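In what follows, a structure is listed as structure tokens, so that the remarks can point back to it.
The values are calculated or read from the model by the stated rules, or taken from the named source; none is laboratory data. From a predicted model like this one, the values you see are computed outputs, not experimental measurements. Neighbour counts are summed over all protein chains in view; Cβ atoms, including those assigned to glycine, are modelled from backbone coordinates with ideal geometry.
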Amino acid sequence: MKRVIQDYEVSLRDEPSYSRNATDSPRIYKHEYCRSEMYEHISAHGITVGDIESPESSAIILSVGGASGVNENSLVYTGNTMYVAAGDAVFALNLSSLDHKW
């Protein structure tokens, strides 16, 4: 799923085969956010800001508590904050840098 938010092209995709700290993943993400270190993630959503082949920033969101896929309701924004739903959680990220707010 792609959206243009303010002056940024944001892409959100399912990454069902993503493995934490893997060196052979098809995509490498700058940030990795996991809701729980105690459990293996069920849902993995990759986010890029900018060109998908050489993004300005990127992040993978890993969540537990139920599987979820990417759809048009998975991402909303207000101001410079983007909210992404994954599994049973919502993550707040800075729009341009994808830094984790909460």
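Given the condition touching a Gly at 6+ places or on another chain (Cβ under 8 Å), surrounded by 21 or more Cβ atoms within 10 Å (Cβ to Cβ) and more than 18 Å from GLN6 (Cα to Cα), answer yes or no: does some residue in the stretch 66-86 qualify? No, the stretch 66-86 contains no residue that is touching a Gly at 6+ places or on another chain (Cβ under 8 Å), surrounded by 21 or more Cβ atoms within 10 Å (Cβ to Cβ) and more than 18 Å from GLN6 (Cα to Cα).
Being of a type outside the set (Ser, Thr, Tyr), part of a loop (DSSP other than H, G, I, E, B), buried (at least 16 other Cβ atoms within 10 Å of the Cβ) and within 15 Å of the chain's Cα centre (by Cα) holds for only one residue in HIS41, HIS45, and it is HIS41. In the stretch 2-24, the residues that are in contact (Cβ under 8 Å) with a residue 60 or more places away in the chain reach residues that are surrounded by fewer than 16 Cβ atoms within 10 Å (Cβ to Cβ) and of a type in the set (A, V, I, L, M) with C-beta atoms within less than 9 angstrom, at least six apart or across chains, in these pairs: VAL10/MET1; VAL10/VAL4; LEU12/MET1. Restricting to the stretch 10-43, name every residue that is at pLDDT 90 or above and in contact with an Asp or Glu (Cβ under 8 Å, 6 or more places away or on another chain). Correct list: HIS31 only.
Residue count for the stretch 1-45 satisfying the condition of being under 18 Å from ALA89 (Cβ atoms) and of a type in the set (Gly, Ala, Ser): 3.
In the stretch 1-24, the qualifying residues are those that are under 23 Å from THR78 (Cα atoms) and not charged (D, E, K, R), and the one that is farthest from the chain's Cα centre (by Cα) is GLN6.
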